[in-house]
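Here the structure comes first, spelled out in C-alpha cells, and everything after it is commentary.
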Amino acid sequence: MLLANANGTFQSAVSYPGGVGPTYPGERGSKPRRQAGFSDGEHRKYSFSVLFGNGNGTFQAPVHYSVAGQPTAIIAADFNRDGDPDVAVTANSAANVFLADGNGGFKAAAGYPMANAAQYLTAGDFNHDGKLDMVSSSVQLQVVSVLLGNGDGTFQALINSATGGNTQPAALAVGDFIVTAKRISPWPTLRPLRSTSCWAMVMAVLDAELHFRHSQPPWT
C-alpha cells in the first residue's frame, strides 16, 4: 500500500498479508472505511481475502473466504441492491458470487457457469434495466461472456459472444463508447483488448441479445 501525497508523489510502501500468490485486488467501499479484497491464486489454498480498513490508511488482519477452484479474477459490486458490496470471483470456469451478509462477512457462494478459462471479470448494466450484470473474457475460446443480473443477487443463463478472428481478448474495458448526434447511447459497450502486438480493438456492442455491429461516428 502506497499512500498518496498531495503533490502527486507517494509515501513509502506498507505491506499487508493477502495470502500466497495474491492477484486481482478489489475494493469494497459503501462504508466510510474501505476494505481491500484479494483473490489468492496459490494452488493449495484457493480463497479471497478481505482486509478491513481502519480509516487512516492502515488495515486489519485479512479474513479469508474459500473459493471452489483457483481464482482468476475478483470484483466487488452491489448485485442485490441492498447497499452492501458483494464479491464475485471467477474460478474453474464459473463465477462464484458471495453476497454480503450486512455485518462485514459473506454468505455461502452461489456458482454460475462461465466460458472455459474465464478471466478479467467486471460488472455493468448491459441491458439497461437498472440491475448489475457480469462479464468476463476467455482468451482460450475468444469470447466475452455475460451473466445478466436479476437484481436480487442471482443471474440468468450465460450469453457468449465471439470476438472474431484471432482477437485473444486479454482484458475488458466497459464504458459508453457510442455517441449519437442527439445523445450518448445508454447501452454499455465492451472493448476486449487483443493481446497480440498489433493491438487491434474489437468493439462488442451489448444489447438485450448481445451482438456485434459496426457503426460510423456521427461526425463522419
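The values are calculated or read from the model by the stated rules, or taken from the named source; none is laboratory data. These figures come from a predicted structure and were not determined experimentally. Cβ coordinates were reconstructed from backbone atoms using ideal geometry, including for glycine residues, and neighbour counts include every protein chain displayed. Surface accessibility is based on the protein's heavy atoms, side chains included, excluding ligands, DNA and RNA. Shrake-Rupley method; radii C 1.70, N 1.55, O 1.52, S 1.80 Å.
Structural remarks
- Residues that are closer than 19 Å to I75 by Cβ and either at pLDDT below 80 or open to solvent by less than 50 Å² (accessible area, probe 1.4 Å) (or both) within segment 160-175 comprise P169, A170, A171, L172, A173, G175, listed in sequence order.
- Condition broken by G130, with the remaining ones in (1) farther than 15 Å from F98 by Cα; (2) at pLDDT below 90 satisfied: (2)
Conditions tested, residue by residue: (1) at pLDDT 85 or above; (2) on the phi > 0 side of the Ramachandran plot; (3) of a type in the set (D, E); (4) in a strand (DSSP E or B).
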residue	(1), (2), (3), (4)
N116	no, no, no, no
Y120	no, yes, no, yes
S136	yes, no, no, yes
V144	yes, no, no, yes
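- Cβ separations smaller than 6 Å between residues 6+ apart or across chains give the following pairs from segment 54-79 residues that are more than 19 Å from G111 (Cβ to Cβ) to residues that are open to solvent by 30 Å² or more (accessible area, probe 1.4 Å) and of a type outside the set (A, V, I, L, M): G55/R33; F59/Y16; Q60/F52; P62/P17.
- When segment 68-89 is filtered for residues that are modelled with pLDDT of 90 or more and either farther than 15 Å from G153 by Cα or not in a loop (DSSP other than H, G, I, E, B) (or both), the ones remaining, listed by number, are I75, A76, A77, D86, V87, A88, V89.
- Checking V97 against (1) touching an Asp or Glu at 6+ places or on another chain (Cβ under 7 Å); (2) surrounded by 15 or more Cβ atoms within 10 Å (Cβ to Cβ); (3) assigned to a loop (DSSP other than H, G, I, E, B), the condition it does not meet: (3)
- When V202 is tested against the conditions (1) touching a Ser or Thr at 6+ places or on another chain (Cβ under 6 Å); (2) modelled with pLDDT of 55 or more; (3) open to solvent by less than 40 Å² (accessible area, probe 1.4 Å), the lone failure is (2).
- Any hit, segment 109-129, residues being among the polar types (S, T, N, Q), more than 15 Å from the chain's Cα centre (by Cα) and surrounded by fewer than 17 Cβ atoms within 10 Å (Cβ to Cβ): yes
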